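One structure is given below, encoded as structure tokens.
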Amino acid sequence: MVLSFFPVALAFLLFVYEYRNYRLIKRAKFLYEKGGVKYYQIESNEDNAITIKSILFGKNVIIIGSDNDKVLAHEEGHLRQPYFTYYFLVLSALGISYNILTIPILLIIYKMMFLHYERDADLYAYRVYNIRYESSAERPIKRIERLKAWIFDTHPPDYIRKEEEYYKKTNILKLFIRDLLS
Ligand SMILES: [Zn+2]
């Protein structure tokens, strides 16, 4: 039975994920705890943050660069989201133990999941704090550059996140297709 590999695959993926969480938290300086969430900081010139919702390490926000209301509003959106990474790890362990050829499908699901939850956090910041993502990024003229921005950025592209349309309830896939075709 192929699925007998499932527990091993799951244990491995969980280990990799929690080890990454451990490394990030260990690297960062502890700042304060608020509402059951631990806040940490990593020095950087660029303002950003990572939210870690972990079964082992609890809820953590790692602020990269300076403490910034805009970034924190977005991360607060993430804190309210489900523990989606674990669902994805279970699905991946199932997929890989069933057939290694499911990996491309898993990567697409991973990408879609991030686009959905990043946008959801942006919409939360907008709804609750009236904060919109600001960026000076211009929309690339070349289609291939736009495609790369969608694929390789963890968030939707900056030039999309700052647009008015992004904060209306237009489906993210629709925004993607429209951006590529126009
Ligand atoms: Zn985010």
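A count restricted to the range 50-64 and to residues that are touching a residue at least 24 places away in the same chain (Cβ under 8 Å), open to solvent by 10 Å² or more (accessible area, probe 1.4 Å) and within 14 Å of the ligand (Cβ to nearest atom) stands at 3. Residue 42 meets the conditions (1) at pLDDT 95 or above; (2) within 14 Å of the chain's Cα centre (by Cα); (3) within 16 Å of the ligand (Cβ to nearest atom) in every case but one. The failed one is (2).
Would you be able to say whether some residue in the range 142-160 is outside any loop (DSSP other than H, G, I, E, B), within 11 Å of the ligand (Cβ to nearest atom), within 17 Å of the chain's Cα centre (by Cα) and modelled with pLDDT of 95 or more? Checked the range 142-160: no residue is outside any loop (DSSP other than H, G, I, E, B), within 11 Å of the ligand (Cβ to nearest atom), within 17 Å of the chain's Cα centre (by Cα) and modelled with pLDDT of 95 or more.
Per-residue answers, yes or no, for (1) in contact with a strand residue (DSSP E or B) (Cβ under 7 Å, 6 or more places away or on another chain); (2) touching a residue at least 12 places away in the same chain (Cβ under 8 Å); (3) closer than 27 Å to residue 16 by Cβ; (4) of a type in the set (Lys, Arg):
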position: 75; (1), (2), (3), (4): yes, yes, yes, no
position: 89; (1), (2), (3), (4): no, yes, yes, no
position: 99; (1), (2), (3), (4): no, yes, yes, no
position: 119; (1), (2), (3), (4): no, yes, yes, yes
position: 122; (1), (2), (3), (4): no, yes, no, no
position: 125; (1), (2), (3), (4): no, yes, no, no
position: 129; (1), (2), (3), (4): no, yes, no, no
position: 141; (1), (2), (3), (4): no, no, no, no
position: 155; (1), (2), (3), (4): no, yes, yes, no
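The listed residues are 33, 18, 46, and the only one of them that is loosely packed, with under 15 Cβ neighbours inside 10 Å and farther than 18 Å from residue 155 by Cα turns out to be 33.
So, in the range 141-173, of the ones that are of a type in the set (Lys, Arg) and touching a Ser or Thr at 6+ places or on another chain (Cβ under 7 Å), which residue ends up least open to solvent (accessible area, probe 1.4 Å)? Residue satisfying both the conditions and the ranking: 161. For the range 65-83, the candidate set comprises residues that are open to solvent by 60 Å² or more (accessible area, probe 1.4 Å) and within 13 Å of the ligand (Cβ to nearest atom); within that set, the residue that is modelled with the lowest pLDDT is 70. Against the test of being over 22 Å from residue 42 (Cα atoms), of a type in the set (D, E, K, R) and more than 16 Å from the ligand (Cβ to nearest atom), the options 119, 139 yield a single qualifying residue, 139. With respect to residue 96, is the statement that it is surrounded by 19 or more Cβ atoms within 10 Å (Cβ to Cβ), more than 12 Å from the ligand (Cβ to nearest atom) and under 30 Å from residue 7 (Cβ atoms) true? For residue 96, the condition - surrounded by 19 or more Cβ atoms within 10 Å (Cβ to Cβ), more than 12 Å from the ligand (Cβ to nearest atom) and under 30 Å from residue 7 (Cβ atoms) - is met.
The values are calculated or read from the model by the stated rules, or taken from the named source; none is laboratory data. The structure displayed is predicted, hence computed values, not measured ones. Neighbour counts run over all protein chains shown; Cβ positions are idealised from the backbone, glycine included. Note: accessible area is taken over every heavy atom of the protein model, side chains too, but ligands, DNA and RNA are not part of it. Shrake-Rupley method; radii C 1.70, N 1.55, O 1.52, S 1.80 Å.
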